[in-house]
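The values are calculated or read from the model by the stated rules, or taken from the named source; none is laboratory data. Note that this is a predicted model, so its numbers are computed, not measured. Here the Cβ is made from the backbone with ideal geometry for all residues, glycine too, and neighbour counts use every protein chain on show. To get the accessible areas, we keep the full protein, side chains included, count just its heavy atoms, and leave off ligands, DNA and RNA. Shrake-Rupley method; radii C 1.70, N 1.55, O 1.52, S 1.80 Å.
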Amino acid sequence: MVESVEVIWHELIEVLKRQVLPATGCTEPISLAFASAVAAKYLTKNNIERIEAKVSPNLMKNGMGVTVPSTGMVGLPIAVAVGAIGGDADAGLDVLQKITAADVVRAKELLQQNCVSVSILPTDKPLYCEVKIYSQGDSARVCIEDHHTNIILIEHNNEVVFQKSNSQSDINHSVNIMEQVSIKVIYDFVSKIDFDDIKFILKAAELNDALSKEGLAQTYGLSIAHILRKQVSRGLLSDDLLTKIMIRTTAASDARMGGAALPAMSNSGSGNQGIAATMPVVVIADYIDADDDFLARALVLSHTIAIYIHSKFPPLSALCAASTASMGAAAGMVYLLDKGNFDAVNMAICNMVGDLTGIICDGASNSCALKVSTSASSAFKSVLMALDDVRVTGNEGIVCDCVESSINNLCALASNSMRQTDAQIIEIMASKP
């Protein structure tokens with residue numbers, strides 16, 4: 001059934017509120033930490049004896065190489081341990097925001113005592129994790145599926161205390177809404193909705209810009225933003241708008257992947273996707289001195305398109321979703337630079353499909369900031385082409401004359417043929433010494 005414009009607009013706002021959320025740390029380890037924190041609510045935390053976790057291959061892929069905030073350690077074992085000891089079970093993706101130094105010490109003791117195990121569970125679900133904690137004869141088990149905070153089962157002493165059916169899943173509702181819209185519907189929504197209904201999105205600019213400043217103030221990960229900024233002073237890069245977009249966007253990703261304790265505003269369960277959808281738009285807004293109304297509309301356009309595209313392929317796949325989130329950023333930048341030019345929005349997205357098709361996700365790690373930098377650069381180049389009325393045509397590659405068909409072709413690759421690519425990536429990563 002086709003719903004009225006007013007209903008669709010309301011539901012788009014609700015989708016944004018569910019899918020654009022603060023997240024401290026990479027969301028795959030954080031999902032496991034969240035499950036652990038919820039399980040620990042049913043037990044005495046001070047007497048935890050053993051923690052057993054099982055995760056999907058894709059969650060393992062995205063949790064092996066990232067630093068868990070405030071711990072100085074990499075990987076899923078420290079995430080599940082510190083989640084159990086000090087995690088806030090009511091904070092969702094911000095589960096580790098309030099952990100203390102004492103919590104980290106106790107979590108590391110559990111690891112040193114070999115009381116924590118994390119293994120791969122063969123499953124067709126890209127995003128799945130479960131945690132079982134034992135404490136003085138009691139136990140609690142929590143299972144998460146499909147998206148990072150979607151708890152489907154809680155057991156206490158092997159008795160079910162909560163179970164969710166598929167029909168109750170927020171993610172299913174989000175996908176259903178996205179099936180009823182198009183890029184044009186989203187653009188009209190952004191152009192006409194009352195500012196008061198969308199001003200909450202300005203929090204994305206606030207959080208991700210703060211993370212960007214942190215990434216430039218301190219050394220995190222590969223320090224890609226620092227390196228780019230250094231080349232400006234050496235004269236090897238110009239201090240132009242493209243460089244500013246790359247540096248400020250990449251700095252936020254450097255900090256996030258390097259273990260900064262500040263939250264990112266995520267998109268579709270990913271901090272890097274949230275950064276990619278936010279920071280290029282913020283840089284352009286600063287450049288043209290946009291007011292809050294104008295910025296909010298551009299951010300809503302970017303984040304909604306990012307969610308729309310991501311709803312068409314699995315939550316964790318072989319396709320780097322920072323690249324698709326950057327397609328939203330391209331639309332947001334066009335909106336700021338040439339408001340009312342809907343054709344340029346279409347052209348910018350098609351240009352990106354022609355440019356970034358096939359950029360792979362080989363697990364969450366510090367090198368994700370490189371992919372974020374590449375995606376941000378592609379977004380701005382695509383915008384510049386579109387503003388000059390130039391686009392990759394429907395005669396080239398998987399790009400079609402219609403933007404919707406171009407998006408669908410890209411997402412079909414991620415949903416179908418790239419499944420084998422994903423399996424090969426996981427096999428390669430698992431076999432590394």
Open item on the list: Can you tell me which of (1) of a type in the set (A, V, I, L, M, F, W, C); (2) surrounded by fewer than 18 Cβ atoms within 10 Å (Cβ to Cβ); (3) under 23 Å from A140 (Cα atoms) is the one M73 doesn't meet?
Closed with: (3)
Task: Among the candidates V105, V55, residue that is within 24 Å of H147 (Cβ to Cβ) and aliphatic (A, V, I, L, M) - done: V55
Task: Answer residue from region 225-250, given it is under 17 Å from L384 (Cα atoms) and assigned to a helix (DSSP H, G or I) and is most open to solvent (accessible area, probe 1.4 Å) among those - done: K244
- [ ] Select the helices (runs of 4 or more DSSP H) contained entirely in region 275-391, then report the ones holding at least 3 residues which are open to solvent by less than 10 Å² (accessible area, probe 1.4 Å), of a type outside the set (K, R) and touching a His at 6+ places or on another chain (Cβ under 9 Å).
- [x] 321-337
- [ ] Report yes if G397 is in contact (Cβ under 8 Å) with a residue 40 or more places away in the chain, part of a loop (DSSP other than H, G, I, E, B) and under 25 Å from the mean Cα position of the chain (by Cα), otherwise no.
- [x] no
- [ ] Examine region 353-361 for a residue that is of a type in the set (A, V, I, L, M, F, W, C), within 25 Å of M257 (Cβ to Cβ) and touching a residue at least 60 places away in the same chain (Cβ under 8 Å), and state whether such a residue exists.
- [x] yes
Open item on the list: What's the total number of residues in region 398-433 that are open to solvent by 30 Å² or more (accessible area, probe 1.4 Å), under 23 Å from K184 (Cβ atoms), touching a Ser or Thr at 6+ places or on another chain (Cβ under 8 Å) and not acidic (D, E)?
Closed with: 2
- [ ] Return the total of residues in region 148-161 being open to solvent by 40 Å² or more (accessible area, probe 1.4 Å), in a strand (DSSP E or B) and of a type outside the set (A, V, I, L, M).
- [x] 2
- [ ] Kindly indicate whether any position in region 202-221 is surrounded by fewer than 17 Cβ atoms within 10 Å (Cβ to Cβ), more than 25 Å from E28 (Cβ to Cβ) and more than 25 Å from the chain's Cα centre (by Cα).
- [x] no
